[in-house]
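First the structure, in the form of structure tokens, and then the observations on it.
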Amino acid sequence: MSTPGSEAQRLARFNVSPARRRKDKIARATILAGTVLALIPLVLIVYYLLHKGLGAWSWSFFTTDPTGQSFFKNQSIGGIKSAILGTIEIVALASVIAIPIGIGVAIWLVEYGRASWFANTVRFFVDVLTGVPSIVFGLFIYIVLIVGTGSTYAGYKGSLALSLLMLPVVIRSAEVILLLIPGALRESALALGAPRWKVIFSIVLPTALPGMVTGVLLAIARAAGETAPLLFTAAATHETTFDLGKFMNSLPVQIYNDVTSPTTAVVNRAWGAALALVVMILLLNLIARLVSRRSRLA
Amino acid sequence: MARLPDRALKYGLTILAGLILALIVYFFIRLVGQAKPAFAKEGVLGFTFDNDWNVSANHFGALPLVVGTLITSGLALLIGVPVAVATAIYVTELCPLRVRTPVTVLIELLAAVPSVVYGLWAIFFLAPKLQGVEQWFAKLLSFLPFIGGGLVTIPNIFIAGLVLAIMILPIVSAISREVMATVPLDHKEAALGLGATRWEMIRIAVLPYCRAGIVGGAMLGLGRAIGETIAVTIVIGDSPQLPHQLFGQGYSLAAVIANEFGEATGLHRSALFAAGLVLFVLTLLVNGVARLLVLRAARANGGGRSNRQIAPGGPGLDEAVAATP
């Protein structure tokens, strides 16, 4: 009681009435309880994924295609090979489409468009794209590439639907990073006589690269988990295929189809596939975080 | 000569940006074109507000779907927003510095779980486990219309709303955190200096300052909840009747498309495109209002000394990523 610090504390306590102090405690406890409540679903999901998913994992689970059989006990229902490979193929093509276009548009917005009305219109439409429900992207591609051409589902159509979904994420995140690059860096390169395109390609882009990688990886992670845009574009099939012009299986779509099955073994396969999908997405997220930590900008 | 690649790059990129605009407008026009037969038969208002979704009679009134979408997303906000704001307050104002990053990362992890996995978990774990509680609740409140009475089904509207609440939590929490980080230190110190307790400081200095931003974040969450498809399709029960009970089956606009599109032909298919269009316009409106609110909050909070400023020129990286459906 002799140190000035504790004296101040004693006085402070003296000033606050018990009612107010009680209110403060209750409010703090409620806020803490809310935070704990928010974390409970995560714990439960992770626990059930591991509990049910690991039980489904085996060597053959990853090396066989689903057979489509589930009626007879002695028949194998197969694994998720075609779904994993399909997801990788579809998402890879979607990235190849969305990343260069997205970064290109972001460069235009920051380096050329700036605050012009046209650039602001583009920004507005990118924001519109951000809010579009993912199933509507599937409908868009369906109308243009399936109704429009009179053809049927194909892996690359799924990729296009996913790339539409990735575009706004890539554009927005790349724009945020490009804006962080100091103007002095550009100006010194320009003052040395470098043309604008060279400034962009040898100064701006290399500086922004690590930061942009983060946004890109997060966009890929998001696309990899999407089911709705693939339902009516890439469809579902059993066989592994490396032809993006054919029907293609994917992890989310296979999980979605397996969920509705009355057979326990098929539902277990869904848990195993869900665990595989979440592991893939978490790895991408983890790499994104590591890259962003090493980046000089973000 | 050196000007040539410069011009090529400039015009090339301009055309690219213009193409994005053209593409969105083109998609929209095509979607309207596909939805036209359904709108022509039922009328735009008739389609949206008629209570009869009857595939076999070829009659399509989307009111049960619209109502289902609104109820589930409303529930999601009701449950999700208070919890999300609590996490944001905890992380920015109350928690020890040591646990700040872990808690933030854990909440962001909720955004990394794919929608179909939420659906899988909800239908095989959440819904069966909660059925007893729901039944008890329904019996307890049996005097209330809509909430009480009736038999609790395993896939039901309440579960759909609960799952949506979990799914919108990360984005509402992220935006609330961003906004709370912009509260000027002066305001907080002034409140504390006048003798306010921590909670009084939060109530006087932090919350009023952040109201517009939090509302904007909630609206972005609402936009997301409205458009969420797969998880809802799995847990809502897929019954195209006007919902008459909270713990009973229902349907939503997005779910009807995911569920029926595969085998739909003719007018049915057109009606599903029309449902997609209604969904699109609905999310557009909600997101528009949300962006406006967040933007205004960011602008109003521009001055003053604070923990952190909102990134210049737009939303932060996390927000940009989190904001996508």
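Checking the conditions here, which among B:Ile79, B:Ile89 is out of contact with any Gly (no Cβ under 8 Å at 6 or more places or on another chain), at pLDDT 95 or above and assigned to a helix (DSSP H, G or I)? If you could, list the steps in order and put the result at the bottom.
Values: B:Ile79 fails: out of contact with any Gly (no Cβ under 8 Å at 6 or more places or on another chain).
Only one candidate qualifies: B:Ile89.
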- Scanning for something over 30 Å from A:Pro195 (Cα atoms) and away from chain B (no Cβ under 11 Å), does the range A:94-101 turn up at least one residue? yes
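Out of all the residues in the range A:151-188, which are among the polar types (S, T, N, Q) and either under 14 Å from the mean Cα position of the chain (by Cα) or modelled with pLDDT of 90 or more (or both)?
Our first condition is that a residue be among the polar types (S, T, N, Q); within the range A:151-188, this holds for A:151-152, A:159, A:163, A:173, A:188.
Listed by number, the residues that qualify are A:Ser159, A:Ser163, A:Ser173, A:Ser188.
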From the option list B:Gly80, B:Gly119, B:Gly74, single residue qualifying as within 7 Å of chain A (Cβ to nearest Cβ), small (Gly, Ala, Ser) and either under 22 Å from B:Gly227 (Cβ atoms) or surrounded by fewer than 19 Cβ atoms within 10 Å (Cβ to Cβ) (or both) is B:Gly119
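Give me the residue from the range A:167-187 that is among the small types (Gly, Ala, Ser) and in contact (Cβ under 8 Å) with a residue 12 or more places away in the chain and, out of that set, nearest to the other protein chains (Cβ to nearest Cβ). Working first, answer last.
Step one: filter the range A:167-187 for residues among the small types (Gly, Ala, Ser), giving A:173-174, A:183-184.
Adding the requirement that they be in contact (Cβ under 8 Å) with a residue 12 or more places away in the chain leaves A:173-174.
Details: A:Ser173: 5, A:Ala174: 10 Å.
Within the range A:167-187, the match that is nearest to the other protein chains (Cβ to nearest Cβ) is A:Ser173.
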Filter the range B:279-302 for residues that are more than 28 Å from B:Phe47 (Cβ to Cβ) and of a type in the set (Gly, Ala, Ser); the one that is modelled with the highest pLDDT is B:Ala297
Note on A:Ile255: of the conditions (1) within 11 Å of another protein chain (Cβ to nearest Cβ); (2) surrounded by fewer than 20 Cβ atoms within 10 Å (Cβ to Cβ), unmet is (2)
Log entry, pairs with first residue in the range B:88-100 being more than 10 Å from every other protein chain (Cβ to nearest Cβ) and under 22 Å from B:Ile168 (Cβ atoms), second being not aromatic (Phe, Trp, Tyr) and not in a helix (DSSP H, G or I), beta carbons closer than 7 Å, six or more apart or on different chains, reads B:Thr92/B:Ala181
For the range B:90-98, check the following and say yes or no: at least one residue is farther than 30 Å from A:Gly34 by Cα and hydroxyl-bearing (Ser, Thr, Tyr).
no
Filter pass, B:Leu109 being in contact with a Pro (Cβ under 9 Å, 6 or more places away or on another chain) and surrounded by fewer than 19 Cβ atoms within 10 Å (Cβ to Cβ): yes
When B:Leu242 is run through (1) in contact (Cβ under 8 Å) with a residue 60 or more places away in the chain; (2) under 25 Å from B:Lys41 (Cα atoms); (3) out of contact with any Pro (no Cβ under 8 Å at 6 or more places or on another chain), the failure sits at (3)
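The values are calculated or read from the model by the stated rules, or taken from the named source; none is laboratory data. Only a predicted model underlies this, so the values are computations on that prediction, with no experimental measurement involved. We place every Cβ from the backbone using ideal geometry, glycine too, and count neighbours over all the protein chains shown.
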